[in-house]
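**Student:** After the structure tokens below, expect a handful of questions from me.
The values are calculated or read from the model by the stated rules, or taken from the named source; none is laboratory data. Only a predicted model underlies this, so the values are computations on that prediction, with no experimental measurement involved. Neighbour counts are summed over all protein chains in view; Cβ atoms, including those assigned to glycine, are modelled from backbone coordinates with ideal geometry. Heavy atoms of the whole protein, side chains included, go into the accessibility calculation; ligands, DNA and RNA do not. Shrake-Rupley method; radii C 1.70, N 1.55, O 1.52, S 1.80 Å.
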Amino acid sequence: MERENRELNALFDALAAQLAQGPRHWHLIVTLGQAGDPTADATRPWPADRETVDVGTLTLTAATPEAAASCRDVNFDPLVLPDGIAPSDDPLLSARSAAYARSVTRRSGEAKTPSAVTGAAIHGAAL
């Protein structure tokens, strides 16, 4: 059972180990499309000369196991967007949205069991 828990916790444990060394940074650079750029096929790259915008850096300073957080019953639907943001015409978004909706519906009927991620909270209490 101990080995199984380690395997279930592998990603969390890896993040915890990285955060123990210091904050982790994710630098987000957005590529701006132009008229005629393909948006319905994610496998077709845009030309390399497209303008990019540095929109900032996300810094992770801490992690909290799922049991102490509110991330259990979340549906990461790519089509649930804030006002002012519209989806592209990429058909993968609709497919993912439908699959995620089905998944969250199925999970909502399951008995709630303790989270597989049981590691101790890492420095701080917020991401």
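**Student:** Just one of Ala67, Ala111 is closer than 17 Å to Leu15 by Cβ, open to solvent by 60 Å² or more (accessible area, probe 1.4 Å), at pLDDT below 90 and out of contact with any His (no Cβ under 9 Å at 6 or more places or on another chain); which is it?
**Tutor:** Only one candidate passes the filter, namely Ala67.
**Student:** Working only within the stretch 30-64, note down all residues that are over 20 Å from Leu93 (Cα atoms), at pLDDT 90 or above, hydrophobic (A, V, I, L, M, F, W, C) and not in a loop (DSSP other than H, G, I, E, B).
**Tutor:** If the condition is that a residue be over 20 Å from Leu93 (Cα atoms), at pLDDT 90 or above, hydrophobic (A, V, I, L, M, F, W, C) and not in a loop (DSSP other than H, G, I, E, B), then Val53, Val55, Leu58, Leu60 are the ones that fit.
**Student:** Would you be able to tell me the number of residues in the stretch 35-61 that are open to solvent by less than 90 Å² (accessible area, probe 1.4 Å), over 23 Å from Gly22 (Cα atoms) and in contact (Cβ under 8 Å) with a residue 12 or more places away in the chain?
**Tutor:** 9
**Student:** Of the residues that sit in the stretch 17-29 and are touching a residue at least 24 places away in the same chain (Cβ under 8 Å) and loosely packed, with under 11 Cβ neighbours inside 10 Å, which one is farthest from Leu92 (Cα to Cα)?
**Tutor:** From the stretch 17-29, those touching a residue at least 24 places away in the same chain (Cβ under 8 Å) are 19-20, 23-29; that's our starting set.
Filter again for loosely packed, with under 11 Cβ neighbours inside 10 Å, leaving 20, 25-29.
Details: Ala20: 36, His25: 28, Trp26: 25, His27: 25, Leu28: 22, Ile29: 22 Å.
Of everything passing the filter in the stretch 17-29, Ala20 is farthest from Leu92 (Cα to Cα).
**Student:** Output the residues belonging to the stretch 80-92 that are free of Cβ contacts under 8 Å to residues at least 24 places away in the same chain and either under 11 Å from Asp41 (Cα atoms) or more than 16 Å from the chain's Cα centre (by Cα) (or both).
**Tutor:** Scanning the stretch 80-92 gives Pro82, Asp83, Gly84, Ile85, Ala86, Pro87.
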